[in-house]
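Colleague: One structure is given below, represented as structure tokens, and several questions about it will come after.
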Amino acid sequence: MRLFAALVPPDEVLDEIAQAIAPHVGQVPGLRWPDRATWHITLGFFGEVPESVLPELETRLARAVHRHSTLDLAFQSFGGFSSARRARVFWVGLTGDPVTRLADSVRAGARRAGAVQTDEKRFHAHLTLARAKTETDLRPLVEALTDFSGSPWRAEAVHLVRSHTPSRTRPEMRYESLAEWSLAPSARS
């Protein structure tokens, strides 16, 4: 099964992003805008994981998550990978508490559990909003959204998510949360 770990922002915060990008959806040729139900912040992508690894993966991820406190975050600044000028991915970034240590712990726990396809790319906290099959100049789109600043929110849990890829009978990408672990309360709470 195809798995990843993620933070899922609250609906009211996602509403702000949806409202900000609404005038631009469908305006950039070649950009595909996935359903909002799929929006999340990936902490670690594990690829295909044998079902036999799942119990150990859940144990390791629970340990990793419990070692970290809740995170105070906000969405701010849009961009593209690999750059806004030559992008295949359009995203919105995060400000606030650093998410990198949590992502590193989650990825390390997954590797130790036997999720051997764990993504080793440098972590960049973001929420993917659209994708393109070919490099696309997103600078006008990024510039149009320069003034966006999302409301603060608190990330309190990490989800283990199964990705169901599109098929003939179900043409859209679908995600299923298999497990959820709470981050430790922070001193700020």
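Colleague: Using the Karplus curve 6.51 cos²θ - 1.76 cosθ + 1.60 with θ = phi - 60°, work out ³J(HN,Hα) for each residue of region 128-143 in order, rounded to whole Hz, and write x for Gly and Pro.
Modeller: With the stated coefficients, region 128-143 comes to 6, 10, 7, 9, 10, 6, 10, 4, 10, 7, 9, 4, x, 5, 4, 5 Hz.
Colleague: Here's something else I'd like to know. Can you tell me, using C-alpha contacts under 8 Å and at least 6 residues apart, the relative contact order of region 58-149 as a whole percent?
Modeller: 38 percent
Colleague: Let me ask something else about it. Based on alpha-carbon centroids, what's the gap between region 1-69 and region 109-183 in Å, whole number please?
Modeller: If we compute the Cα centre of each part, the gap is 4 Å.
Colleague: Using 0.36 nm times the number of residues separating Ser82 and Asp15, minus their current alpha carbon distance, what extension gain do you get?
Modeller: 21.5 nm
Colleague: Could you compute the longest span of the chain free of GluC sites (Glu not before Pro) located in DSSP loops and having at most 16 other Cβ atoms within 10 Å, not counting the site residues?
Modeller: 1-119
Colleague: Using the 2.2 N^0.38 Å rule of thumb for compact globular proteins, work out how region 39-107 stacks up: its C-alpha Rg over that value, please.
Modeller: Normalised by 2.2 N^0.38 Å, the Cα Rg of region 39-107 equals 1.36.
Colleague: Leaving out ligands and nucleic acids, note down the accessible area per residue over the chain with a 1.4 angstrom probe, in whole Å².
Modeller: Averaged over the residues of the chain, the accessible area is 54 Å².
Colleague: If a/c stays under 1.5 just call it rounded; otherwise compare a/b with b/c (prolate if a/b is bigger, oblate if not). Do that for region 1-89, with a ≥ b ≥ c from the square roots of the Cα gyration tensor eigenvalues.
Modeller: prolate
Colleague: I'd like the carbon and sulfur percentage of the solvent accessible area for region 124-189, probe radius 1.4 Å, heavy atoms only, ligands and nucleic acids excluded.
Modeller: The C+S portion of the solvent-accessible surface of region 124-189 is 47 percent.
Colleague: Leaving ligands, DNA and RNA out of it, report the carbon-plus-sulfur percent of the accessible area of region 23-115 at a 1.4 Å probe.
Modeller: 50 percent
Colleague: Now for a separate question. Efficiency by 1/(1 + (r/R0)^6): what FRET value for Glu135 and Arg162, r their Cβ-Cβ distance, R0 = 45 Å, to the nearest 0.05?
Modeller: Numbers: r = 30 Å, r/R0 = 0.67.
Between Glu135 and Arg162 the formula returns 0.90.
Colleague: Another question about this same structure. Test of understanding: in a Gaussian network model of the chain with alpha carbons linked when under 10 Å, which of Gly26, Gly79, Gly114 would top the mean-square fluctuation ranking?
Modeller: Gly26
Colleague: Just to be sure I follow: if Rg is taken over the C-alpha atoms of region 35-189 and Rh is the Kirkwood radius over the same atoms, what is Rg/Rh?
Modeller: Reported Rg/Rh (Cα atoms, Kirkwood Rh): 0.98.
The values are calculated or read from the model by the stated rules, or taken from the named source; none is laboratory data. As the structure is a computational prediction, the values presented were derived from the model and not from experiment. In this analysis, Cβ positions are derived from the backbone assuming ideal geometry, glycine residues included, and neighbour counts consider all displayed protein chains. Only protein heavy atoms, including side chains, enter the accessible area calculation; ligands, DNA and RNA are left aside. Shrake-Rupley method; radii C 1.70, N 1.55, O 1.52, S 1.80 Å.
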